[in-house]
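Just below is one structure, and these are the notes that go with it.
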Amino acid sequence: MIFYLDKSILRPWTLQDEQSLVKHANNRNISDYLRDGFPYPYTLRDAKQWLSSTQNSKDLLFAIEVNDEAIGGIGIIYKSDIYRKNAEIGYWLSEKYWNKGIITEAVQALIRHLFSTTKINRVYAGIFENNTASERVLVKCGFRLEGIHKKAIFKHGNFLDEYLYAILKS
């Protein structure tokens, strides 16, 4: 599945994305806003592990492509059991491409697709308290603040609040 958007292309990751992934993901300003599973420094070994893990995933994991290069990623992680009608969205983008509307457009496209083709009823995102750019993206895309998990995140030796945003199909 490929989404051709105005500002980018969302497409499955390929093993050939290694160099591009390292080039754009190896940035402390990106990893500071993501879970520890997204390391800094971001090495070729990290890229190979990530790309290998995407190949048979049941989740929707896409490279964000601009000018024939993977410059970020966006994904939908399906939940299970009593949360089976929920999905979590996550994304990152090369700093060079920040503030160009690329992530907003990608989130909107993926949410539209998800709600029109699946039985998912709720999509949520947990963001760090200091990630105001991501907060703006989610609000522009129709997400609403559901709650704040006080000091739920431990990153770089500090406790941070997690802001939980969600959007409902209905």
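The values are calculated or read from the model by the stated rules, or taken from the named source; none is laboratory data. Treat the numbers as computed from the prediction; the structure is a model and nothing was measured. Cβ placement follows ideal geometry from the backbone for every residue including glycine, while neighbour counts extend to all protein chains displayed. When the accessible area is computed, the model is the full protein with side chains, heavy atoms only, and any ligands, DNA or RNA have been set aside. Shrake-Rupley method; radii C 1.70, N 1.55, O 1.52, S 1.80 Å.
Quick notes
- If you go through segment 19-36 and keep only what is touching a strand residue (DSSP E or B) at 6+ places or on another chain (Cβ under 6 Å) and touching a residue at least 60 places away in the same chain (Cβ under 8 Å), you end up with HIS24, ILE30, TYR33.
- Restricting ALA133, ALA109, ALA125 to those that are in contact with a Gly (Cβ under 8 Å, 6 or more places away or on another chain) and closer than 24 Å to GLU65 by Cβ reduces the list to ALA125.
- Residue pairs whose Cβ atoms lie under 7 Å apart, separated by 6 or more positions or on different chains, with the first residue in segment 106-118 and among the aromatic types (Phe, Trp, Tyr) and the second open to solvent by 10 Å² or more (accessible area, probe 1.4 Å), are PHE115/LYS169.
- Looking across segment 76-88, the residues that are assigned to a strand (DSSP E or B), open to solvent by 10 Å² or more (accessible area, probe 1.4 Å) and under 25 Å from SER31 (Cβ atoms) come down to ILE77, TYR78, GLU88.
- Count of segment 21-38 residues which are polar (S, T, N, Q) and not in a helix (DSSP H, G or I): 2
- For segment 103-151, filtered to residues that are part of a strand (DSSP E or B) and of a type in the set (A, V, I, L, M, F, W, C), the residue that is nearest to the chain's Cα centre (by Cα) is ALA125.
- Selection of first residues in segment 140-167 that are in contact (Cβ under 8 Å) with a residue 40 or more places away in the chain and of second residues that are open to solvent by 30 Å² or more (accessible area, probe 1.4 Å) and among the aromatic types (Phe, Trp, Tyr), restricted to Cβ pairs under 6 Å at least 6 apart or on distinct chains, gives the following pairs, ordered by first then second residue: ALA166/TYR124.
- Filtering segment 152-170 to residues that are assigned to a strand (DSSP E or B) and among the charged types (D, E, K, R) leaves LYS155, ASP161, GLU162.
- Scanning segment 39-75 for residues that are of a type outside the set (Ser, Thr, Tyr), part of a helix (DSSP H, G or I) and either under 15 Å from ILE111 (Cα atoms) or open to solvent by 20 Å² or more (accessible area, probe 1.4 Å) (or both) gives LEU44, ARG45, ASP46, LYS48, GLN49, TRP50.
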